[in-house]
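Read the structure below first, then the notes.
The values are calculated or read from the model by the stated rules, or taken from the named source; none is laboratory data. Keep in mind that this is a model prediction, so the values were computed, not measured. Here the Cβ positions follow ideal geometry from the backbone for every residue, glycine too, while neighbour counts run over all protein chains shown.
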Amino acid sequence: MRTSYAVLDEMDVVAMDQFQRDFFLFRSTYYEDYVNSLGGPGVVKQGDLTDPNYFDYVSFAQYRTINYELDKPASIFKEQQPILPEDQDFNSSSPTTQFRDVLVRRPEGDVKALPLIHSQRTGDAVLANIMDTFSNSTARIDPSSTSVLPPVQQIINIFLINGYAVDGSATLSAPDSLTVTLTNPATLWSERSLDKYPVTNCFVIITILSYLNSNPKLPSPSSFSSSSSSSLSKSFTDTTATYKIKLRK
């Protein structure tokens, strides 16, 4: 979640203080219906990200907000940014956090490409963190593997170690078709709810796509997408999420 937020911030498409307000509104709008769908009050530990039900919901709300912000972003916007102690206009006698208004101009480019950019950068950032964290361990991922399945399965295993899902596997049904199956992933409900949107929170998949794109020795994805498309198909049951990734031959 922190990575998704940081990537959006770096893209300069919305003031992050405005994002927090919108995030609060989306989080509030759907919460009661979500809780009732699970059985009513007491089922979800509101505010506790270690509760799988609450994490799933908050991830949904975050990505629902991200899609909203990427849809029609302003070219120029005003953002409140903190004034730091080393800044000339810092007031050392003030006991509260200080902010200044800063005018931010969104980088030029095709607005329609923003969802793709967010998914790619988030996947790249998660992959970089994994590669760095496990670089000197037995869980290390070979950055130049000549086989698709071993590094992809290892990425899945690392997510499993961190409690993202109960189980997960990767198979090649054909040289150009990679299938990933996750059992009880932490974002199962939210992914199903977000699949009609351009950007979704399928973190395992965008990390795998980033790895395949980074390794010139392997077939790359036919395109990079976090939502259902011609290159990525998804199917869900009450306990599983299955993804079929089309690879270039």
inquiry  = For segment 31-56, which positions are of a type outside the set (S, T, N, Q), assigned to a helix (DSSP H, G or I) and touching a Lys or Arg at 6+ places or on another chain (Cβ under 8 Å)?
reply    = Tyr54
inquiry  = Looking only at segment 102-130, how many residues end up being acidic (Asp, Glu) and surrounded by fewer than 10 Cβ atoms within 10 Å (Cβ to Cβ)?
reply    = 2
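Yes or no, residue by residue, for (1) over 21 Å from Asn53 (Cα atoms); (2) among the aromatic types (Phe, Trp, Tyr); (3) in the same structural domain as Asp71 (by TED's automatic domain parsing):
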site	(1), (2), (3)
Tyr164	no, yes, no
Pro185	no, no, no
Glu191	no, no, no
Asn201	no, no, no
Ser229	yes, no, no
key: Selected residue [at pLDDT below 95, in contact with a helix residue (DSSP H, G or I) (Cβ under 6 Å, 6 or more places away or on another chain) and crowded, with 17+ Cβ neighbours inside 10 Å] from Leu218, Leu194   = Leu218
query = When both residues are 6+ apart or on different chains and their Cβ atoms are under 6 Å apart, which pairs have a first residue that lies in segment 23-47 and is among the hydrophobic types (A, V, I, L, M, F, W, C), and a second that is part of a loop (DSSP other than H, G, I, E, B)?
reply = Val35/Val44
remark   = When every residue in segment 228-249 that is modelled with pLDDT under 95 and out of contact with any strand residue (DSSP E or B) (no Cβ under 8 Å at 6 or more places or on another chain) is compared, the one surrounded by the fewest Cβ atoms within 10 Å (Cβ to Cβ) is Lys249
inquiry  = Tell me whether segment 13-27 contains one or more residues that are surrounded by 12 or more Cβ atoms within 10 Å (Cβ to Cβ), in contact with a strand residue (DSSP E or B) (Cβ under 6 Å, 6 or more places away or on another chain) and part of a helix (DSSP H, G or I).
reply    = yes
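Conditions (1) among the aromatic types (Phe, Trp, Tyr); (2) within 24 Å of Val126 (Cβ to Cβ); (3) under 19 Å from the mean Cα position of the chain (by Cα), marked per residue:
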| site | (1), (2), (3) |
| --- | --- |
| Arg2 | no, yes, yes |
| Thr29 | no, no, no |
| Tyr34 | yes, no, no |
| Leu49 | no, yes, yes |
| Asp56 | no, yes, yes |
| Phe60 | yes, yes, yes |
| Tyr68 | yes, yes, yes |
| Lys72 | no, no, no |
remark   = The number of residues in segment 64-88 that are free of Cβ contacts under 8 Å to residues at least 12 places away in the same chain and farther than 24 Å from Cys202 by Cβ is 5
ask   = What residue, of Ser210, Ser222, Ser214, is of a type in the set (Gly, Ala, Ser), more than 13 Å from Gln120 (Cβ to Cβ) and assigned by TED's automatic domain parsing to the domain that holds Asp142?
value = Ser222
Positions within segment 28-77 being loosely packed, with under 14 Cβ neighbours inside 10 Å, under 25 Å from Gly163 (Cα atoms) and of a type in the set (S, T, N, Q), in sequence order = Ser37, Gln46, Thr50
note = When Val7 is run through (1) over 22 Å from Ala113 (Cα atoms); (2) among the β-branched types (Val, Ile, Thr); (3) touching a Ser or Thr at 6+ places or on another chain (Cβ under 8 Å), the failure sits at (1)
ask   = So, of the residues in segment 12-33 that are touching an Asp or Glu at 6+ places or on another chain (Cβ under 9 Å) and not β-branched (Val, Ile, Thr), which turns out to be farthest from Val104 (Cα to Cα)?
value = Asp22
